[in-house]
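Below you'll find the structure, written out as structure tokens, and then a few comments.
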Amino acid sequence: MRKHLLSGLLLVLTLFVGAVRADAPAASGNGVAFSLIKTGHVHAQAGLVYSGGSLFQKIEINHVAVLVQHPHGSFLFDSGLGRNIEAQYKEDMPWWARPSFYYEPPVTPARDQLDQAGIAVPRIILSHSHWDHASGLVDFPEAEVWITAEERDWDRHPGFPRAFPSQVTPASIRWHTYELEDKPYFGFPRSLDLFGDGSAVLVPLPGHTPGAVGLLLTVASGKQYLFCGDTVWSAQALKEARPKSLLASLIADNDREQTQQAIELLHKLMIQHPGLVVVPAHDAALQDTLGYFPQWVR
Ligand SMILES: [Zn+2]
């Protein structure tokens, strides 16, 4: 029994490693599409994933990289579990966290899936630097890795629950630190319009980690998706503005109060923009409806 409880907790933590709907301001989504590259998964009790969830219901937790296609360049939002996850996990996941934070085989790294399809990715943008988001960085030595200055600064002393040293210290990673601009956008105080056309805009979501960001994407059809990283692990939680379970939040959220403020902002946006789809990074049930690489959402 105790072992089951522990493994439930660990599953929640797995989430730590750690997607939805809304209408953002008018933006040109001309030619923009995305595809969810599923690199791995795990299962966890809903009650651990979000406050108020059932402890008797097991839900699937995904580890994905989001491939975004834009006429002026493709990029990945997060890298998912990479080719070296086994060694990284062995080296840097502390024993006490392993029951809560783990992954289930098989792992299908983004790099392998992209190579097979002949797709090159010149840039990776991190939502934040937790282990299940940064694992694949070393698989893309030619790519520029974008991270906010706050997040990079936070990673100066890596180690769980922060980033894994094995994932963020290799000299082969081409880091590019950046700052969001003081341009309010879509209810957020700051933003960064990646292509200058409003189709892909980074917005601040601090709390889970200090420099976490979300990606507001307008695809070719005009539909809008807000990838919110690990602010919540479940879209269901967001509907009710519920935080992660207390235990999960205590371990995974760097600033619980700030995380809740981010959750409430996302909750408000979902009400204001009923067409907006907010996509938590780990919500397999929601992501199943969007399909996986090589399927595209346009
Ligand atoms: Zn995280």
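Pairs over the 26 Å Cα-Cα cut-off, from the set LYS223/LYS244; LYS38/LYS239; LYS223/LYS268; LYS58/LYS244; LYS183/LYS244; LYS38/LYS90: LYS223/LYS244; LYS183/LYS244. Based on the convex hull around the alpha carbon atoms, the chain presents an average projected area of 13.5 nm². Sparsely packed loop sites in segment 187-284 (the trypsin sites (Lys or Arg not before Pro) outside DSSP H, G, I, E and B with at most 15 other Cβ atoms within 10 Å) comprise ARG190.
When both bridge partners sit in the chain, DSSP labels roughly 70% of those beta bridges antiparallel. Net charge of the neighbourhood of ARG83, taken over other residues with C-beta under 10 Å away and scored Lys/Arg +1, Asp/Glu -1, is -2.
Please sort by residue number the trypsin sites (Lys or Arg not before Pro) in segment 70-157 whose DSSP state is loop and whose Cβ has at most 11 other Cβ atoms within 10 Å.
For trypsin sites (Lys or Arg not before Pro) across segment 70-157 that sit outside H, G, I, E and B with at most 11 neighbouring Cβ atoms in 10 Å, the list reads ARG156.
Taking θ as phi - 60° and the Karplus parameters 6.51, -1.76 and 1.60, the scalar couplings of segment 129-143 work out to 9, 5, 4, 7, 10, 9, 3, x, 4, 5, 7, 10, x, 8, 8 Hz in sequence order, x denoting glycine and proline. Sum up the charges of everything whose Cβ sits under 13 Å from the Cβ of VAL121, counting Lys and Arg as +1 and Asp and Glu as -1, but leave VAL121 out. Residues close to VAL121 contribute a combined charge of -3. Using the Cβ of GLU144 as centre and a radius below 13 Å, the other residues enclosed give a net charge of +1, where K and R count +1 and D and E count -1. Placing a label point 7 Å from the Cα of GLN57 along the Cα-to-Cβ direction, the residues of segment 200-239 whose backbone N falls under 19 Å of that point are 232-239. One quarter of the surface of the convex hull around the alpha-carbon atoms of segment 227-298 equals 5.2 nm², the direction-averaged projected area. Every helix of 4 or more DSSP H residues in the chain counts as -39500 (n - 2.57), and over all residues that averages to -7500 deg cm²/dmol at 222 nm.
Taking θ as phi - 60° and the Karplus parameters 6.51, -1.76 and 1.60, the scalar couplings of segment 82-97 work out to x, 4, 9, 4, 4, 5, 4, 5, 4, 6, 10, 7, x, 4, 6, 8 Hz in sequence order, x denoting glycine and proline.
Since every read-out is calculated from the coordinates, none of them should be taken as a lab result. Just so it is clear, the structure is predicted and the values come from calculations on it, not from any experiment. With ideal geometry, Cβ positions are generated from the backbone for all residues, glycine too; neighbour counts draw on all protein chains shown.
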